[in-house]
Amino acid sequence: MKNAYAILLCASLMSTAAFSAEVPLKVVASFSILGDLVKEVGGESVDVTTIVGPNADAHVFEPTPQTGKLLVQADMLFINGLDFETWLPRLVEASNYRGVVVTASRGINPRTLTQDGKPMQDPHAWLSVPHARLYVKNIEEALCAKAPLKCKVFQERSKAYGARLHTLDQWIHTRFKAIPDAARVVITAHDAFSYFAKTYNVRVLAPQGINTQAEASAWDVAALIDQIRALKVKTLFVENMASPKLIAQIAQETGARMGDTLYSDALSEKDACCDTYVKLMEHNVDLLTKAMAEAGKTPPPQS
Ligand SMILES: [Zn+2]
């Protein structure tokens, strides 16, 4: 009888062990683009929930008690860092989360821009594909540390996805190569594209600064209108989570047209244009290079 009990207990423990090995890690990502990168590396071994979802603005996010519940059940929390998630310390404290917090942008050399006269770190590093590859490496290492038994799977997925990102990066360089230097100008509502601009040698001007909450001064707007005229920019862009109001006014003033939506800080809803990071980058580059090619047909200004 004792033996039978021991066998039963043993079998029960084994099945528990097998079950826990199959249960995906409960992972929370602070915003949708980061959530997609974590899914790419983690595959079926992670169950990813994002705090700031598609088309939503992480700059002005206000956590709710519901958000706190997500963290209570989480094994790991992935954040961008670079002061993007200003609401995070309050949320972590309110939810009493004691798990791992992984900063996906670790190792990136931050760009500093001026916001309201003060220097601020630019958080939008993911819009440069080589930086996104670094995020992926950081995600792989963090998942391996948390679930060493699945590390090989994470490493393989990270390698395959990294190769896909490398191809994407090459494609973006090729697309921009065809654009004359004078036409490589982008006007967009909030200043999300400084890492992108540096990596792909594009000039980006934005009236609103790094944060969507910032107010553009009348002086800044007037200066931007002068630049749009001088550079003969024909298309202005607004990001999916930013307000189009100011850019629409500038378009009216300058006679430029409003381009389609760029995706900078959030993915689109599922099955729309940009429900993954790769699709988001392809969409943006396609829109930008088409607008630049059109502007490039005009001779550069005489000055
Ligand atoms: Zn932003």
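The values are calculated or read from the model by the stated rules, or taken from the named source; none is laboratory data. As the structure is a prediction and not an experimental result, all values here were calculated from the model. Backbone-built Cβ (ideal geometry, glycine too); neighbour counts: all protein chains shown. To get the accessible areas, we keep the full protein, side chains included, count just its heavy atoms, and leave off ligands, DNA and RNA. Shrake-Rupley method; radii C 1.70, N 1.55, O 1.52, S 1.80 Å.
Considering each residue of segment 253-267, count those that are closer than 14 Å to V233 by Cβ and either in a helix (DSSP H, G or I) or touching a Cys at 6+ places or on another chain (Cβ under 6 Å) (or both), and give that number.
2
Quick one: which of A223, A163, A197, A206 is in the same structural domain as V41 (by TED's automatic domain parsing), among the hydrophobic types (A, V, I, L, M, F, W, C) and open to solvent by less than 70 Å² (accessible area, probe 1.4 Å)?
A163
Restricting the search to segment 38-84, which residues are away from the ligand (no atom under 16 Å from the Cβ), closer than 14 Å to V27 by Cα and β-branched (V, I, T)?
Of everything in segment 38-84, those that are away from the ligand (no atom under 16 Å from the Cβ), closer than 14 Å to V27 by Cα and β-branched (V, I, T) turn out to be V38, V41, V46, V48, T49, T67, V72.
Taking segment 183-201 as the search range and keeping residues that are over 14 Å from L262 (Cα atoms) and aromatic (F, W, Y), which one is nearest to the ligand (Cβ to nearest atom)?
Y195
Looking at segment 229-248 only, could you name the residues that are small (G, A, S), surrounded by fewer than 18 Cβ atoms within 10 Å (Cβ to Cβ) and within 16 Å of the ligand (Cβ to nearest atom)?
Within segment 229-248, just S243 meets the criteria.
Just a yes or no: is a residue in segment 250-260 out of contact with any Lys or Arg (no Cβ under 6 Å at 6 or more places or on another chain), within 14 Å of the ligand (Cβ to nearest atom) and open to solvent by less than 10 Å² (accessible area, probe 1.4 Å)?
Checking segment 250-260: not a single residue is out of contact with any Lys or Arg (no Cβ under 6 Å at 6 or more places or on another chain), within 14 Å of the ligand (Cβ to nearest atom) and open to solvent by less than 10 Å² (accessible area, probe 1.4 Å).
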